[in-house]
1. Quick one: how many residues across the stretch 355-377 are under 10 Å from Asn402 (Cα atoms), over 16 Å from the mean Cα position of the chain (by Cα) and not aliphatic (A, V, I, L, M)?
2. From Thr649, Thr562, Thr635, grab the single residue that is closer than 30 Å to Ser240 by Cβ and either among the β-branched types (Val, Ile, Thr) or at pLDDT 95 or above (or both).
3. Scan the stretch 468-507 for residues that are in contact with a Leu (Cβ under 8 Å, 6 or more places away or on another chain) and not aromatic (Phe, Trp, Tyr) and report the count.
4. I'd like the residue in the stretch 149-167 that is in contact with a Gly (Cβ under 7 Å, 6 or more places away or on another chain) and not in a loop (DSSP other than H, G, I, E, B) and, out of all such residues, is surrounded by the fewest Cβ atoms within 10 Å (Cβ to Cβ).
5. Does Leu135 satisfy the condition of being in a strand (DSSP E or B), in contact with a helix residue (DSSP H, G or I) (Cβ under 9 Å, 6 or more places away or on another chain) and touching a residue at least 24 places away in the same chain (Cβ under 8 Å)?
6. Which numbered condition in (1) over 29 Å from Thr242 (Cβ atoms); (2) modelled with pLDDT of 95 or more; (3) surrounded by 19 or more Cβ atoms within 10 Å (Cβ to Cβ) is the only one that Gln126 fails?
7. Out of all the residues in the stretch 98-132, which are over 21 Å from Gly209 (Cβ atoms) and part of a strand (DSSP E or B)?
Amino acid sequence: MDTHSKLAFKHTWQAQIRQLAARKPKLARALWQNPSEYFARFEHYYRQLANLPRKFQRKLLKRLAISLAGAAMLLALGQVIPARAAVITVDGVVCTLAEAINSANNDTAAGSGCADGNGEDVLDLQTDVILSAPLPAITSEITLEGHGHTIDGNHTFQVLFVEASGDLTLNEVTITGGTASFGGGIANYGTLILNQSTLSGNSADLNGGGLFSHGTAILNDTFFNGNTAGNGAGIENQGSMTLNGSTFENNSADFWGGGVSNQGGTVLIMNSTLNGNLANQGGGLSNAYGMVEVSNSTISGNTTDDSGGGIFNYYGTAILNDSLVSGNSAIAGGGIENASNCLGIGMYGTITINHSTLSGNSVNIYGGGIENLCGGVVEVNNSTLSGNTAGFYGSGGGGIFNQGFITVNNSTLSGNVGTGSYSLGGGISNHYDGNLMVNNSTLSGNYAWGGGGIFNEGTVSVNNSTLSQNSVFSFGGGIFNQATGNISMNRSLISGNSSYTYNADSNEVENGGVITANNYNVVGFNGSAQSYNFNPGPLDIIPPGSVETVLDIILADNGGSTLTHALISGSVAIDMAPDAACLAPPINGIDQRGVARNVDGDNNPSSNECDGGAFEYAPNPPTPTPTLTPTATETSSPSPSPSPTSSATPTITQTPTPSTTVTPTPTSTLIPTASHTPTPTTLPLGFKIYLPIIVQ
């Protein structure tokens, strides 16, 4: 088996266990920790699928295309040319490409030199093709072996059109110079597979410069470059699509989706890169009324004239796993914008971010990393938002700007900046009707004019979290709570923040609204709360010494997938809170790193062993629970400052109601070592190989 296939099978194995973990976590953990016992059987059964007749492979493909694990399996199996297929040689002289397609469609000879078609046909392209007339539509099962050759639409014709009955596989082909209203390079209404191919320099007046797909499509190791369209310069999807190992660069859309636009469809993006694309909204990726899942991918250096530099989600559902969103720029929502119905009709965009990094994104106004609007729902888990910026006068939310519902779990926001005069919320800006919950997380080194860590005008709950080393020019180095704001603080650590102007009167907290504390918090340093209009309660602690006696002021890798501030031996935050409170949701008995809570850190056993803040101290630190977090390599990209333009609203042609399940992360980084022995080990009682086949 080649290296690519081995990696794909391993990815599939991991994805299957993640799906199993939602239903049977103990069994999933056992499988993950003992890969050598079970991986061989898993590979053995999947490989049997490759021996099915091609007709049945195709039917299976359509069912598996909406499953991330199933798609990875299909890509690992590859495409097998059926033994009984006709091979039609296309040399451009004796048999032209148009004649060969007709021969394959009709199962007859077309042209004096073309072989007869015979069911599932293979076209062997031996020359470049420049179209002088449109090609026939694909209406049957055809595989085109391109051998690196080019099919050029001559900037006059659409290159390929796949009808609903069509089933086309392209291997090592370049599609260029195509033009149409929908799908300048390719329009697909049937089934399409692209392997190691390129779509470049195609254009569409409306949707899908490179590819428009209303059917089922799987793209493997395919390159999209320099395509243009109204929506979806690289791809416009309105069906079911899987992208694996593909790259989108320098594509440009007038409205939505410079790289990829999904309107009402389902898109799974794996191991792919969207870089340097341009649009009005969604420079890299746009999702409207559909479902998108992005895994192990990079979205970087994309630009918009309006919002969502990296990703724009509009009434859709988006999931981001183990991915990097970096160096994107926009007017608002530099990394991601989640847009919903601001009229209150009840339709909301939903985004879940798992084990990912949003860094170096920038905006002119709101939400350098994430902008969440009008009741949208965002959940950030085990992720990092760092070095994002919001500029210009009155801007805010260097890391996050929220007017909806955001939950931040086990994550770090660091080095995010509101650079403009009167900017509010270096780490997070929670405005008006915004509802924010921060659990087991760290906000460190963020800066703004007011509210270095958090600025709030809505509702905020901070639980077992650490805010330190944030700074402001004026109000609230740690937290700035406006008159309309309501904040609940529980077992959290707010110490070592600073205000340039007001110093001890506003280093930690500036309060004009309501703050409910008195629940085992650590606030201030040097015997002072360092706050304005906020007094910690009797159950809270004001450290008598400097911040250095409370925690390590250096944000560091102390285990886990994100950076944290470790507690110092003897810190007042050690063993201060009730065990029961830290065992209950949303803390669930772990700290930000995944290390167990309620560790006796002062050698004085009691029922109050839980530490304040995001870090659980242990005299002999336990090994943290590792996570499946890849090391992403950031690529610095220029961040232009585009001028705002009006946002046109494209026409949506489908409105399905997607549903999604947040995939739990297995607790190990071990990569199974596949055995090539076909005799598998006996499986534990009750275990079944999980095949993600959707029964219609």
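The values are calculated or read from the model by the stated rules, or taken from the named source; none is laboratory data. Predicted model only: the values in this text are computed from it and were never measured. A quick note on method: Cβ atoms are made from the backbone with ideal geometry, for glycine too, and the neighbour counts reach across all protein chains shown.
1. 5
2. Criteria check complete, one pass: Thr649.
3. We begin by selecting, within the stretch 468-507, every residue in contact with a Leu (Cβ under 8 Å, 6 or more places away or on another chain); these are 468-470, 478-480, 492-497.
Narrowing further to those that are not aromatic (Phe, Trp, Tyr): 468-470, 478-479, 492-497.
Final tally of qualifying residues: 11.
4. Asp152
5. no
6. All conditions pass for Gln126, except number (3).
7. Passing the criteria: Asp121, Val122, Leu123, Asp124, Leu125.
Yes or no, residue by residue, for (1) of a type in the set (A, V, I, L, M); (2) surrounded by fewer than 24 Cβ atoms within 10 Å (Cβ to Cβ); (3) farther than 21 Å from Leu424 by Cβ:
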position	(1), (2), (3)
Asn328	no, no, yes
Ile353	yes, no, yes
Asn364	no, yes, no
Leu385	yes, no, no
Thr389	no, no, no
